[in-house]
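Remarks on the structure that follows.
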Protein chains: 2
Amino acid sequence: ALNREAFRQAVVNTLERRLFYIPSFKIYRGVAGLYDYGPPGCAIKSNVLSFWRQHFVLEENMLEVDCPCVTPEVVLKASGHVDKFTDLMVKDEKTGTCYRADHLLKDYCKDKLEKDPKLSPENAAELKRVLAVLDDLSSEELGAKLKGYGITAPDTKNQLSDPYPFNLMFQTSIGPSGLSPGYMRPETAQGIFVNFKDLYYYNGNKLPFAAAQIGQAFRNEISPRQGLLRVREFTLAEIEHFVDPDDKSHPKFSEVATLEFLMFPREDQVSGKSARRIAIGEAVAQGIVNNETLGYFIGRVYLFLTQLGIDKERLRFRQHLANEMAHYAADCWDAEIECSYGWIECVGIADRSAYDLKAHTDKSGVPLVAAEKFSEPREVEKLVIIPIKKELGLAFKSNQKMITEALEAMGEKEAMDLKATLESKGEAEFKVCTLDQVVTIKKNMVSISKEKKKEHQRVFTPSVIEPSFGIGRIIYCLFEHSFYTRASKDGDEQLNVFSFPPLVAPIKCTVFPLVQNQQYEEVARKISKSLTAFGISAKVDITGTSIGKRYARTDELGVPFAITVDSASSVTVRERDSKQQIRVNVDEVATVIKEVSEGISTWADVLWKYPTHSS
Amino acid sequence: ALNREAFRQAVVNTLERRLFYIPSFKIYRGVAGLYDYGPPGCAIKSNVLSFWRQHFVLEENMLEVDCPCVTPEVVLKASGHVDKFTDLMVKDEKTGTCYRADHLLKDYCKDKLEKDPKLSPENAAELKRVLAVLDDLSSEELGAKLKGYGITAPDTKNQLSDPYPFNLMFQTSIGPSGLSPGYMRPETAQGIFVNFKDLYYYNGNKLPFAAAQIGQAFRNEISPRQGLLRVREFTLAEIEHFVDPDDKSHPKFSEVATLEFLMFPREDQVSGKSARRIAIGEAVAQGIVNNETLGYFIGRVYLFLTQLGIDKERLRFRQHLANEMAHYAADCWDAEIECSYGWIECVGIADRSAYDLKAHTDKSGVPLVAAEKFSEPREVEKLVIIPIKKELGLAFKSNQKMITEALEAMGEKEAMDLKATLESKGEAEFKVCTLDQVVTIKKNMVSISKEKKKEHQRVFTPSVIEPSFGIGRIIYCLFEHSFYTRASKDGDEQLNVFSFPPLVAPIKCTVFPLVQNQQYEEVARKISKSLTAFGISAKVDITGTSIGKRYARTDELGVPFAITVDSASSVTVRERDSKQQIRVNVDEVATVIKEVSEGISTWADVLWKYPTHSS
């Protein structure tokens, strides 16, 4: 744990010093949970998002949309966020300071377990059990635990209030009247769901298809912790893949089926095993992963993350336990990345079934459904219930409407039973829930039959498979996975390096004139200009500092290639991690850098092609 | 005006039908002033932003940052937004419906002028004058006009309240306590200003440099009008170029100096002239544009907009009139684009002097300044005022502090006058504003002298030159400038075309198998796959519709190139606007499309290189 902290401190110091990120509004002492990306961080973010677009939107022909952050209440009422997007909070009864109730209980348990030498084995076991079920505790249970352990406000030792839910959405008001409440969206997904009808039409009324959105999301955390991992505003990249619930196969599944990586199925977690390597094809075949489409996205997410530079050994796909999963979800896997804070959920990949589209259908009255046209009409047997309104009216007067509705709402079995009773006995007892009353239905009051009908299509609510990416979390984990230190040439200093792959590196290349001299500077500017024209970000460093120091500076920004101009005709190109150097003609060098930056060639390719240079 | 409306309706119908944009939350009847970009709109936006990054950030080596939208009150208090970012509003006194006061007055005047045949020439002149000064009217003047003309609520004819200011920021609360007010940022600029110190350091403590930011901004408009032009949430791309106020030259100015385009200087507006072509080099030389840096950005903005496809003839740079400009601004030009709504401000290019950095210096106490190191120390004469506290204390007791401060605060002239009086008369009258009192200062109470000092640097607040781009407005104008109709082949239909340049086109290429046949479909998919691998967005259309209909569909999305697969070895490539066709080998075609899409070759180049094809 100490090593982890020291490592994290080293990474974070470098990140802050080189302006990868900046606590927002720092000159005003900042705001917890808000961070800026400074120039190199911003470039990395932009590269990660470009790659995301290429890897998902372009390669899968997804429909990308861009919806506002300001969202009217009705939408988030339908999605359940207004009622349920809460954390339990307690207040210091004297000062009013707010705390997350589960944080206080967690801290108490961990602290006891780590620091109390007199703790009995029974008490230790009890505290461990509490930690394990922390996320499942109700408001009452959490309150009872806090009281039971005598937990008080950490800063003042004052009494705490009972826990109560605090909604995590930033609230605002739309328009000048003050009468239209709105929220800053807590996820981008809802903007896609409400557009389902139009997007389905845009796709030629065909399933499956996926829509995607990149954008800001907001969560007004009670007390943000864990630096860049738990923030109040963040960039999400979300995919909603709409699919026929009866057919979740995926045409491109075979392209990922042989990929093998760490998976952590529910059963293994419950039985105390560790994550293990499974081929995703196997996981689907064995029913560990619910369906091909879910499996396909797990495979694609694996490729996405590892191509960014996430370490395969510190990446696992963990299945949600039964208690973590929403009741409607068919299956759910998190891509978790290990960093100094532990295993962090960075991508959630969930089969949410028809939940979201149904919720918005109900609330808006607009049917968000798909239709499968049959190539030829199919004959189906349909239950037909016809209440005879006249007879019902005579018998039940003002209750007629309720009884009619109850009759029409019968399921197949109930209706056929009623029919049988009416035919054998002439009348039957019938329970009307909305009246809380049992009435006697006579044979002449309702006609029940089964009819054969021809149907031309099947209308259904599509299932949604949702891969949702926390871009900031992925980037932070990438920072940790890319960071290492190595001794300086004279051995008296440890130098920081970020080993970003060229794909994500904020600057692809720095250009140094070896000495301060006009001719070399002109060559440097010419090379830089060619790189810019290619769309390759480059930086010229004409300070007179020693080449060693300039390399150290550029390594710390994760720049993969450095060009030293030491003649007017040819230059030295150095690769960051191997420190190998080659000699390339001035006229060729921009093309070489473009090719290795864009992945058209590898460093190994060019190393073979050009003479090496020893400094 | 009628033609304009009809044209707009045709454009907007196409945009909505093809999902370039969608009124947000449509299934819940939408929210005024909020729009989604659907798939083609979203792709165009993403292309425009990529080009902006290439054209500004990369080519000018700008420091791009990414700050949160949620902003604490103190920041926007310092910037003036909390106090002054308002519009004047009136309320229907019975229903409470809100209106923008200037809108009602404007509508009244326009309506009278257009529709009242009995309007006297004097009254007409008066109404025109009101329209001209509309933006300058105070709350009281606006109220008086509304009353004077008997203007009532448009929907109900009820009485209206007096105008009062409504703050246009969406307000929210940061954290759970409810005690930290925050706002959704109305612009991205403030995030850059508060980071000035860090960014200056990142740039090696050197001026000039520019920071840039792309992101969402929010304005809670009272009653949004003009469709996509006045919305409540929008994407801004802003540049803050920090420069020494004593040297606003620009090293690359010569690269734009000969560009000639429509400019509309302040004097020409006042004297009723029209915009005229001026070379930007001339405009700076003649002092029409305040300085080279401002002129450089005007030139770069011109290149940016015209390369996107904005019509040169419907683009002008209009200088702000004295009454439009903030008191601190040195000069300000808007890039205005003409569309069916008239001339629309799409980019503002302002020299804001030191205002923003000074405001945050004052509020935060953190000096946001730059320093120019002298190559050798310079000798300067400095005024030195030393109040003799002992004597002042004896004479003035508790007032000593105020008097000391007032003495220290004297300017050079005042101090030298006081010194002369003290030397000639031994004492002098001295006004202390903070005490509202005149006191008698004796010679022994203060020492005033001029000393020669060596200074090693000059410390100053940089000036800010701010080009600020309303991305949504630019895109909307681009839609209008790109839209045209042409007759279908059989002449019985008008077909819609968007003539987007390949740079911004949402999809670069569609691939059609000529007939539904497996071999052709496989070729189509193979070509599409190669294009995707190149990062070129392509779409395969395997519907059996006629080629003519498929061309019409793709023209309406502004797709510049279409490949028809009519053999297994070579294909037809058609250019959208000329409808010219060439024949290219299957193996070559992806490369050809990549080159014309990325601007490496033009259509004219490939037309010359490949055999033409007549259909």
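The values are calculated or read from the model by the stated rules, or taken from the named source; none is laboratory data. Worth saying up front: this structure is predicted, and the values here are computed from it rather than measured. Note that each Cβ is placed from the backbone with ideal geometry, even for glycine, and that neighbours are counted across all protein chains shown. Protein only, heavy atoms only, side chains kept; ligands, DNA and RNA dropped before computing areas. Shrake-Rupley method; radii C 1.70, N 1.55, O 1.52, S 1.80 Å.
One table, with the values for the structure above:
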{"read-out": "Helices (runs of 4 or more DSSP H) contained in segment B:229-334 and holding at least 1 residues crowded, with 21+ Cβ neighbours inside 10 Å and assigned by the TED database to the domain that holds B:HIS55", "value": "B:280-285, B:292-308"}
{"read-out": "Single unsatisfied condition, B:SER488 versus (1) touching a strand residue (DSSP E or B) at 6+ places or on another chain (Cβ under 8 Å); (2) closer than 29 Å to B:ALA568 by Cβ", "value": "(2)"}
{"read-out": "When residues of segment B:175-189 are limited to those that are open to solvent by 10 Å² or more (accessible area, probe 1.4 Å) and touching a Leu at 6+ places or on another chain (Cβ under 8 Å), the one farthest from A:PHE166 (Cα to Cα)", "value": "B:GLU187"}
{"read-out": "1 or more residues modelled with pLDDT of 90 or more and within 30 Å of B:PHE242 (Cβ to Cβ): qualifying helices (runs of 4 or more DSSP H) within segment B:398-504", "value": "B:471-482"}
{"read-out": "Unique match (being at pLDDT below 95 and open to solvent by 20 Å² or more (accessible area, probe 1.4 Å)) among A:SER601, A:SER614", "value": "A:SER614"}
{"read-out": "Test: A:THR156 is more than 13 Å from every other protein chain (Cβ to nearest Cβ), more than 25 Å from A:SER138 (Cα to Cα) and not charged (D, E, K, R)", "value": "yes"}
{"read-out": "Complete set of residues in segment B:341-372 that are more than 14 Å from chain A (Cβ to nearest Cβ) and assigned to a loop (DSSP other than H, G, I, E, B)", "value": "B:TYR341, B:ARG352, B:SER353, B:ALA354"}
{"read-out": "Residues within segment B:2-40 that are buried (at least 22 other Cβ atoms within 10 Å of the Cβ) and over 27 Å from the mean Cα position of the chain (by Cα), tallied", "value": "1"}
{"read-out": "Selection within segment A:1-29 - within 29 Å of B:VAL74 (Cβ to Cβ) and in a helix (DSSP H, G or I)", "value": "A:VAL12, A:ASN13, A:LEU15, A:GLU16, A:ARG17, A:LYS26, A:ILE27, A:TYR28"}
{"read-out": "Subset of segment A:2-40 that is of a type in the set (Lys, Arg) and within 11 Å of chain B (Cβ to nearest Cβ) - its residue that is nearest to A:GLY309 (Cα to Cα)", "value": "A:ARG18"}
{"read-out": "Looking only at segment B:41-84, and only at residues there that are open to solvent by 40 Å² or more (accessible area, probe 1.4 Å) and more than 26 Å from A:GLN54 (Cβ to Cβ), the one that is nearest to the other protein chains (Cβ to nearest Cβ)", "value": "B:VAL74"}
{"read-out": "Among residues of segment A:435-457, those that are in contact with a helix residue (DSSP H, G or I) (Cβ under 8 Å, 6 or more places away or on another chain), free of Cβ contacts under 8 Å to residues at least 60 places away in the same chain, under 19 Å from A:ILE386 (Cα atoms) and open to solvent by less than 100 Å² (accessible area, probe 1.4 Å), counted", "value": "5"}
{"read-out": "Matching option when the condition is out of contact with any Ser or Thr (no Cβ under 7 Å at 6 or more places or on another chain) and of a type in the set (Asp, Glu), among B:ASP492, B:ASP541", "value": "B:ASP492"}
{"read-out": "Segment B:482-529, residues that are surrounded by fewer than 18 Cβ atoms within 10 Å (Cβ to Cβ) and in the same structural domain as B:ILE563 (by the TED database)", "value": "B:LEU514, B:VAL515, B:GLN516, B:ASN517, B:GLN518, B:GLN519, B:GLU521, B:GLU522, B:ARG525, B:LYS526, B:LYS529"}
{"read-out": "Breaking point among (1) within 30 Å of A:GLY41 (Cβ to Cβ); (2) open to solvent by 40 Å² or more (accessible area, probe 1.4 Å), for A:ALA420", "value": "(1)"}
{"read-out": "Tally, over segment A:191-220, of residues that are more than 8 Å from chain B (Cβ to nearest Cβ), farther than 30 Å from B:ILE542 by Cα and buried (at least 24 other Cβ atoms within 10 Å of the Cβ)", "value": "0"}
{"read-out": "Test result for B:LYS147, more than 29 Å from the chain's Cα centre (by Cα), open to solvent by 50 Å² or more (accessible area, probe 1.4 Å) and in contact (Cβ under 8 Å) with a residue 12 or more places away in the chain", "value": "no"}
{"read-out": "Entirely in segment B:163-209, the strands (runs of 3 or more DSSP E) that have 2 or more residues that are closer than 21 Å to B:ASP362 by Cα", "value": "B:181-184"}
{"read-out": "Subset of segment A:98-138 [small (Gly, Ala, Ser) and either open to solvent by 30 Å² or more (accessible area, probe 1.4 Å) or farther than 25 Å from A:GLU221 by Cα (or both)]", "value": "A:SER120, A:ALA124, A:ALA125, A:ALA132, A:SER138"}
{"read-out": "Any pair with Cβ under 6 angstrom, 6 or more apart, that starts in segment B:293-314 at a residue that is under 27 Å from B:PHE483 (Cβ atoms) and ends at one that is open to solvent by 20 Å² or more (accessible area, probe 1.4 Å) and charged (D, E, K, R)", "value": "B:THR306/B:LYS312; B:ARG314/B:GLU338"}
